[in-house]
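Every read-out reported here was derived from the displayed coordinates using simple, explicitly stated rules and does not represent laboratory data. All figures in this text were calculated on a predicted structure; none of them were measured in a lab. Here the Cβ positions follow ideal geometry from the backbone for every residue, glycine too, while neighbour counts run over all protein chains shown.
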Amino acid sequence: MKIAVIGFGYWGPNLVRNFSNIQDCSVEYVCDFRAERLDIVKKLYPSVKTSSDLDAVLNDTNIDAVVIATPVFTHFEIAKKALRKGKNVLIEKPLTSSSVQAIELYEISQKAKKLLMVDHTFLYTGAVQKMKQLIAEEIIGNLKYFDSTRINLGLFQPDINVLWDLAPHDISILNYLINDTPYSVNATGVSHTNNKIENIAYLTVNYKSGFIAHFNCSWTSPVKLRTMLIGGDKKMLLFNDLEPTEKIKIYDTGFDHKTDEEKLRILVDYRVGDVFIPKIDSKEALFGMASDFIYCIKNNAKPLSDFQSGLNVIKILEASQQSIKQNGKEIILN
Ligand SMILES: NC(=O)c1ccc[n+]([C@@H]2O[C@H](COP(=O)([O-])OP(=O)(O)OC[C@H]3O[C@@H](n4cnc5c(N)ncnc54)[C@H](O)[C@@H]3O)[C@@H](O)[C@H]2O)c1
């Protein structure tokens, strides 16, 4: 399996390293506009060809698959070209800038009988796999809420707001873990620069069942926080991705309630019990994602982080954008 990686900025090097470590897979090309980035490739991987000419790379019939790690606004055009040249395509999150673009790519991929996949890296982490297992085994109970915080002094992106930049990780985790269909979103945000691109945003995803999910994303925080709380009626779970080993803690915490005899007030009975720290797999998630891409091409299989997972994330991001522009108005998802 011969692949080309397009974009060797911040994230591209991680993809090149992981794809190079997969047996029966070789990184043939790295393509980037910037000569200084290609110089780094030549130094680190002397056998990998470098090019600043995307069309020349895509015209090479030896290339089976293309991995796109360029800014979001370029994903659609690059992927469309690659699919039309008969390549399998992996696109970094978020899949595209709109659901219309995503669906068009999918249709092209179906016609060409090529794989179109998105990199939602977190789905391949030991922590998310452990959370999936704990939920499936009903350790957490009936799920009530999901509350995620992803804030730091982040790089202001020129083309997308903070939700499009950071929330794809958390939304993809939400959609993977929660076996329920989101109904609507409300979002608010603010831009502290003059380009109207929000650097702080708060997103709520509502479900008809009463389950609720909330996301706090910021590029403007003095501290880095990467936490996620998932509350159920049996247990509550904290995922702290900055913890080196004890990333997940399960709290035997909860409450029962009943209404008093005169039905005047709710009587709440709290439970605060033990905390359990499960062991989680520490293998590099990106290697798992890259291996899934190669395996699914070879075996005509469906990846964990498939097109639908990419589209579902984009639909929530699009609705959040509409809501932000209307001061938090509820937007119904379709
Ligand atoms: N999965 C993750 O955890 C993760 C983490 C970081 C970034 N990302 C995603 O990776 C993608 C890239 O992000 P980044 O932070 O590496 O961006 P970046 O700006 O650091 O790098 C992008 C590179 O692409 C090159 N480029 C742009 N257009 C090109 C084109 N048409 N042809 C060839 N090269 C081109 C640029 O010169 C640059 O070197 C984004 O979609 C981002 O959301 C994913």
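Under a crude label model (7 Å from the Cα following the beta-carbon direction), how far is Arg34 from Glu77 in nanometres?
About 1.9 nm separates the two model spin labels.
Count neighbours as other Cβ atoms within 10 Å of each site's Cβ, and list the GluC sites (Glu not before Pro) in segment 114-220 that are DSSP loop with at most 15 such neighbours. Please list the in-between numbers first.
Numbers: sites: Glu137, Glu138, Glu198; in loops: Glu137, Glu138, Glu198.
When the GluC sites (Glu not before Pro) of segment 114-220 are filtered for loop state and at most 15 Cβ neighbours within 10 Å, Glu137, Glu138 remain.
Would you kindly state how much longer the chain becomes between Lys234 and Asn334 on full extension, computed as 0.36 nm times their sequence separation minus their alpha carbon distance, in nm to one decimal? Please report the intermediate quantities before stating the final value.
Numbers: separation 100, 0.36 × 100 = 36.00 nm, distance 3.16 nm.
Contour length minus Cα-Cα distance gives 32.8 nm.
Of all DSSP beta bridges located in the chain, what percent are antiparallel, nearest 5?
60
Can you run phi through the Karplus equation (6.51, -1.76, 1.60; θ = phi - 60°) for segment 196-209 and list ³J(HN,Hα) in whole Hz, with x for Gly and Pro?
Values, residue by residue: 6, 9, 5, 9, 10, 8, 10, 10, 10, 10, 9, 10, 5, 5 Hz.
Give me the Å³ per residue figure for the convex hull around the C-alpha atoms of segment 187-237.
On the way: hull volume 3.8 nm³, N = 51.
Each residue corresponds to 75 Å³ of Cα convex hull volume.
Seen from all sides and averaged, what is the projected area of the convex hull of the Cα atoms in segment 34-73, in nm²? Write down the numbers at each step before the final one.
Working: hull surface 14.1 nm².
Taking the Cα atoms of segment 34-73, their convex hull projects to 3.5 nm² on average.
Please compute the modelled spin-label separation between Asn299 and Ala56, points set 7 Å along Cα→Cβ, answer in nm with one decimal.
With each label placed 7 Å out from Cα toward Cβ, I get 3.8 nm.
With a point put 7 Å past each Cα toward its Cβ, work out how far Ile103 is from Phe255 in nm, to one decimal.
A separation of 4.2 nm, rounded to one decimal place.
Return the calculated 222 nm mean residue ellipticity for the chain, to the nearest 500 deg cm²/dmol, obtained by summing -39500 (n - 2.57) across DSSP H runs with n ≥ 4 and dividing by the residue count.
Details: 9 runs with 113 residues, N = 334.
Rounded to the nearest 500, the figure is -10500 deg cm²/dmol.
Can you give me the Rg/Rh ratio for segment 248-292, using Cα atoms for both radii and the Kirkwood formula for Rh? Write out the running numbers ahead of the final one.
Working: Rg = 20.5 Å, Rh = 14.5 Å.
Over the Cα atoms of segment 248-292, Rg/Rh equals 1.42.
For segment 2-119, divide the Cα radius of gyration by the Kirkwood radius and give the resulting Rg/Rh value with two decimals.
Values: Rg = 13.3 Å, Rh = 14.1 Å.
Rg divided by Rh gives 0.94.
What is the ratio of the Cα radius of gyration of the chain to 2.2 N^0.38 Å, where N is its residue count, to two decimals?
Output field value: 1.08.
When you count, for each residue, the other Cβ atoms within 10 Å and take the mean per peptide, how do 48-57, 81-90 rank with the highest first? The partial results should precede the final answer.
Values: 48-57: 16.0, 81-90: 22.2.
Listed from highest to lowest mean packing, they are 81-90, 48-57.
Which residues does a label at Lys208 reach in segment 315-334, if reach means a backbone N under 13 Å from a point 7 Å past the Cα toward the Cβ?
Answer for this model: 333-334.
Helix 35-44 versus the longest principal axis of the chain: what is the Cα-based angle in degrees, 0 to 90, to the nearest 10?
On a 0 to 90 degree scale, this one is about 90.
Can you list residues whose amide H is under 5 Å from Lys234's amide H, if they're 5+ apart or on another chain and H is modeled 1.01 Å from N?
Gly141, Asn142
Going by alpha carbons, how many degrees (0 to 90, nearest 10) lie between the helix axis of 285-299 and the longest principal axis of the chain?
Rounded to the nearest ten degrees, it is 60.
For an R0 of 51 angstrom, estimate the FRET efficiency from the Cβ-Cβ distance between Thr181 and Leu44 and round to the nearest 0.05. Spell out each step's value before the answer.
Details: r = 44 Å, r/R0 = 0.87.
FRET efficiency, Thr181 to Leu44: 0.70.
Under the rule of at least 5 residues apart or a separate chain, name every residue whose amide H is placed under 5 Å from the amide H of Ile212.
Distant-sequence amide H within range of Ile212: Tyr145, Phe146.
Could you give the angle, 0 to 90 degrees to the nearest 10, between helix 99-112's Cα long axis and the longest principal axis of the Cα atoms of the chain?
For helix 99-112, the angle is close to 50 degrees.
Under 5 Å between amide H atoms, partner at least 5 residues away or on a different chain: which partners does Ser97 have, H built in plane at 1.01 Å?
Those lying under 5 Å, H to H, from Ser97 are Phe76.
Return one quarter of the surface area of the convex hull spanned by the alpha-carbon atoms of segment 108-179, equal to its mean projected area, in nm².
On the way: hull surface 29.4 nm².
Convex hull of Cα atoms, orientation-averaged projection: 7.4 nm².
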